[in-house]
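Chemist: I'd like to ask you about the structure that follows.
The values are calculated or read from the model by the stated rules, or taken from the named source; none is laboratory data. Please read all numbers here as calculations on a predicted model, not as lab measurements. When we count neighbours, we look across all protein chains shown, and the Cβ atoms used for this are built from the backbone with ideal geometry, even at glycine. The accessibility values were calculated without ligands, DNA or RNA, using every heavy atom of the protein model including side chains. Shrake-Rupley method; radii C 1.70, N 1.55, O 1.52, S 1.80 Å.
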Amino acid sequence: MNQKSCLTLIGIAAAVALLGIGILVFLAWRAGPEKSIQEWLATLPAAERAALDAVCTAAGVEAAQLRPLGMLTDGLMRDARNAKSVVIRDGHVRALCLANSAFASAPDLSRLTEIELLWLENGNLTEWPVVSSLTRLRELQLGGQKLGTPTANTLPASLKKLGLARSNVSSIDPLISLALDEVDLSHTPVAVLPAAVPEKGGWQMDLDDTAITNPPGYRRQAPQQASLSGPTLPGGRIEGMASNGAVDVKVTGASLEKLMTVVLPTNTTTYHSSGPVEVECRIGSGRMRVWLWEPDGLFKGPWFERGKIRGFGPTHVNGFMTADVAAGQPAAARGVLIVQGTPPHHSFCLMLEPLEGGKVTDVTLRIGSAKQR
């Protein structure tokens, strides 16, 4: 690049910088001095101010104690300093956060007709606030409340984002008529999704730590000390053969004192999957965990197939299925045998882990192919 080109680029950069500074100065001039909460409240119509006062009183705070914000974002609302805050714009309440409030009952919000975002996280509400008349409301956060499954006609058609994390909601069937884009149901008892994905709205679902994404025995990571190598169990035998769709193996061992990978006799070069298997487990003493790979189709259905569940769908990484066995309490593990080595020179195996640092004795495993569910 010649000297003339360099000077041209420097000139352009300087002009852009000056333009940016000019825009910031203009915006600062237009914004004027920051208003106090009293000044913001004074811009509200009398009826709306009275409605805000009533809601704040029910929350155990005065409207004059709210922190005025120029905008509302997830980051701002999750800042503890903004747990009691409000956005007032063009003479109306546009956003309200009354997190960590001890509401005795669902507040009457019907007169805050211009509100767009409402945060009422963390409390003891068991009754859903009726906000169906708030036709501008597009985000409602009720996470951490003790709410159960909503009734129909509770929420407005305008709603796009709904937060119900850590609530008692167990079904979203009454909500599927809404065109929601985001629904947070993490850490809730929801266990079943509607049969069909609604056609209106994005319906991206956060189901972290629910029975849907964490079925019994499912684990996303192997034990830290796991290594895919190991003989049969001390004092034991392996009988039978494992191949694709035809697994019939018996494993015995006198003791188990550390995590071990038990390699099974494998007779296949074409298929590097055992298909679904079931492991019947018995031990004489101690406690033991059996580890298998997650079977295909564990997470299935239209919600997963269309990538609506966060962390699953096209980006899902297979995990593990486990079963815990105690002395005198036989158990069964269901999954897919772990593959050791590179196909076609590979073997099928499973992992056995003694629990609580103890010794396990008299191990008996029967491993057989299982029918697809």
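Chemist: With a 1.4 Å probe and every protein chain left in place, work out the accessible area per residue of the range 197-287 in Å², rounded to a whole number.
Modeler: Values: 4790 Å² over 91 residues.
Ligands and nucleic acids excluded, the result is 53 Å² per residue.
Chemist: Take every DSSP beta bridge with both residues inside the chain and express the antiparallel ones as a percent of the total, to the nearest 5.
Modeler: Values: 57 of 76 bridges.
Looking only at bridges with both residues in the chain, the antiparallel portion is about 75 percent.
Chemist: What does the accessible area per residue of the range 106-165 come to in Å², with a 1.4 Å probe and no ligands, DNA or RNA counted?
Modeler: Working: 2260 Å² over 60 residues.
Value returned for the range 106-165: 38 Å² of accessible area per residue.
Chemist: All other residues with a Cβ under 15 Å from the Cβ of Asp53 taken together, and with Lys, Arg as +1 and Asp, Glu as -1, what is their net charge?
Modeler: Values: positive: Arg49, Lys84, Arg111; negative: Glu48, Glu62, Asp108.
Every neighbour counted, the sum reads 0.
Chemist: If you don't mind, another one. Report the antiparallel proportion of the DSSP beta bridges in the range 55-126 as a percent, rounded to a multiple of 5.
Modeler: Numbers: 6 of 11 bridges.
The antiparallel fraction comes to roughly 55 percent.
Chemist: Here is a follow-up. Taking the range 177-274 on its own, what percent of its Cα-Cα pair distances exceed 15 Å?
Modeler: 76
Chemist: Also, quick follow-up: Give me the net charge for the shell around Thr113: Cβ to Cβ below 15 angstrom, other residues only, Lys and Arg +1, Asp and Glu -1.
Modeler: So the environment of Thr113 carries a net charge of +1.
Chemist: With a ≥ b ≥ c the root eigenvalues of the C-alpha gyration tensor of the range 125-181, is it rounded (a/c under 1.5), prolate (a/b larger than b/c) or oblate?
Modeler: On the way: a/c = 1.56, a/b = 1.46, b/c = 1.06.
Cα axes put the range 125-181 in the prolate bin.
Chemist: Which of the residue pairs Lys84/Lys160; Lys160/Lys308; Lys161/Lys308; Lys250/Lys300; Lys258/Lys371; Lys250/Lys371 have a Cα-Cα distance greater than 21 Å in the structure shown?
Modeler: Numbers: Lys84/Lys160 23 Å; Lys160/Lys308 15 Å; Lys161/Lys308 14 Å; Lys250/Lys300 31 Å; Lys258/Lys371 31 Å; Lys250/Lys371 19 Å.
Violating the 21 Å limit, Cα to Cα: Lys84/Lys160; Lys250/Lys300; Lys258/Lys371.
Chemist: Of Pro302, Thr149, Leu66, which is farthest on the positive side of the dipole of the chain, counting Cα position, with +1 on Lys and Arg Cβ, -1 on Asp and Glu Cβ, and the Cα centre as origin?
Modeler: About the Cα centre, the residue reaching furthest to the positive side is Pro302.
Chemist: For the range 273-310 and the range 222-264, write down the distance between their C-alpha centroids in whole Å.
Modeler: Comparing the Cα centres of the range 273-310 and the range 222-264, I get a distance of 17 Å.
Chemist: To the nearest 10 degrees, how steep is helix 3-31 against the longest Cα principal axis of the chain, on a 0 to 90 scale?
Modeler: The angle comes out at about 60 degrees.
Chemist: Still on this structure: Using bins 5 angstrom wide from zero, how does P(r) for the range 46-101 break down, in % of all Cα pairs?
Modeler: Per 5 Å bin, starting at 0, the Cα pair percentages come out as 4, 20, 34, 24, 14, 3, 0.
Chemist: Put one equal scatterer on each alpha carbon of the chain, apply the Debye formula with no solvent term, and list log10 I(q)/I(0) at q = 0.07, 0.12, 0.13, 0.15 1/Å to two decimals.
Modeler: At q = 0.07, 0.12, 0.13, 0.15 Å⁻¹ the computed log10 ratios are -0.54, -0.92, -0.98, -1.16.
Chemist: Report the net charge of residues surrounding Val325, where surrounding means a beta-carbon distance below 9 angstrom and charges are Lys +1, Arg +1, Asp -1, Glu -1.
Modeler: Values: positive: Arg282, Arg287, Arg289; negative: Asp324.
Around Val325, the surrounding residues sum to +2.
Chemist: Quick check: at a probe of 1.4 Å, how many percent of the accessible area of the chain sits on carbon and sulfur atoms? Write down the numbers at each step before the final one.
Modeler: Numbers: 10250 of 19230 Å².
Percent of accessible area from carbon and sulfur atoms in the chain: 53.
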